[in-house]
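Shown next, in C-alpha cells, is the structure this report addresses.
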Amino acid sequence: MKESILKILEELETQSALEKSRKVNIIPENRMLAITKETGELLNMILRLKKAKNVLEIGMSVGYSTIWCAEAIIEQKGKIITIEQNPEKIKRAKENFQKAEISENVTIKQGMAIEILTELSVQQQNNNFFDFVFIDADKESVTKYFDLIYPMVTIGGIIITDNMLYPEKYRQEMKKFSEYIRSNPNVRTTTSPIGNGEEITIKIK
Ligand SMILES: C[S@@+](CC[C@H](N)C(=O)[O-])C[C@H]1O[C@@H](n2cnc3c(N)ncnc32)[C@H](O)[C@@H]1O
C-alpha cells in the first residue's frame, strides 16, 4: 500500500478509536462514524477481486471508507462518486483525499442522497454503470437507496450495506431490509458478521 494512503488510514483509525472511547467531545453531526478496519479490508478485497472501475458510495463522512475503496482501484484508474450532506465533513474529506493522493479518483456530490441518486438515475449513461456500491448513510432510507441504485448496477455488480447487525438499535430495520433484498429473484445476498455486519449483495440478472 502507498505510504500516503497507509498514513492517513492510520490517522483516521486513531481518530475513530478516540471518538468511540468518548474521550474527546465531538458534536454528534461531526462524528466520523467510520466503518471498522476489517470492513475496509473486506471492501478493498472485493473491489480487487472484481477489478471494479466505477464505484458509488452513499455516506462518505470524512472519507475513511472512500480511501479504502480508492486504494483498490487507483491502479486501474477507477473512479468513485461519493455522496455526503455535511459540508464540514466534506471539507475534512477533501483534505484527507489530498493527503492520500487520491483526489483525482474521487468526485464528491454534496447534498441529500435521495436527491442525488434520483439525479444520477435519470441520466441514461448511469444505467448498468456501477460495478460496486457501498451504502452507509441514514438507515431509515436504506430500501429507497437500494431501489434507486439497483438499475444503475451492472450484472455481476456488488452492493454492500453497512450496519446490518450493529448498532443494535437498527437491527430490526436492517433485518427487514435484508428480507426485502432476498425477495428479489435477480440478486443473491448474504449477511456477513464482519465489522458492524455487512450485507453483500450481487446482482445476477
Ligand atoms: C456512517 S457515516 C459514513 C461513514 C463512512 N462511510 C466511513 O466509513 O468513513 C454516515 C454519513 O452519511 C451522511 N448522511 C446521513 N444521511 C444522509 C443523507 N440523507 N444524504 C447524504 N448524506 C447523509 C452523514 O452526514 C454521515 O457523514
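The values are calculated or read from the model by the stated rules, or taken from the named source; none is laboratory data. Here the structure is a predicted model, which means the values were calculated and not measured. When we count neighbours, we look across all protein chains shown, and the Cβ atoms used for this are built from the backbone with ideal geometry, even at glycine. Only protein heavy atoms, including side chains, enter the accessible area calculation; ligands, DNA and RNA are left aside. Shrake-Rupley method; radii C 1.70, N 1.55, O 1.52, S 1.80 Å.
Evaluate the following for E95: is it acidic (D, E) and in contact (Cβ under 8 Å) with a residue 12 or more places away in the chain?
It is false that E95 is acidic (D, E) and in contact (Cβ under 8 Å) with a residue 12 or more places away in the chain.
Checking Y166 against (1) open to solvent by less than 30 Å² (accessible area, probe 1.4 Å); (2) closer than 20 Å to W68 by Cβ, which single condition isn't satisfied?
Of everything listed in (1) open to solvent by less than 30 Å² (accessible area, probe 1.4 Å); (2) closer than 20 Å to W68 by Cβ, Y166 misses just condition (1).
Evaluate the following for Q123: is it closer than 20 Å to I90 by Cα, out of contact with any Phe, Trp or Tyr (no Cβ under 7 Å at 6 or more places or on another chain) and open to solvent by 70 Å² or more (accessible area, probe 1.4 Å)? Can you show your working first?
Numbers: closer than 20 Å to I90 by Cα: no; out of contact with any Phe, Trp or Tyr (no Cβ under 7 Å at 6 or more places or on another chain): yes; open to solvent by 70 Å² or more (accessible area, probe 1.4 Å): yes.
Here the answer is no, as Q123 does not meet what is asked.
Are there any pairs with C-beta distances below 6 angstrom linking a residue in segment 133-154 that is more than 17 Å from N54 (Cα to Cα) to a residue that is among the aromatic types (F, W, Y), with the two at least 6 apart or on different chains, and if so which?
So the pair list comes out as K139/Y170; V142/F177; T143/F177; T143/Y180.
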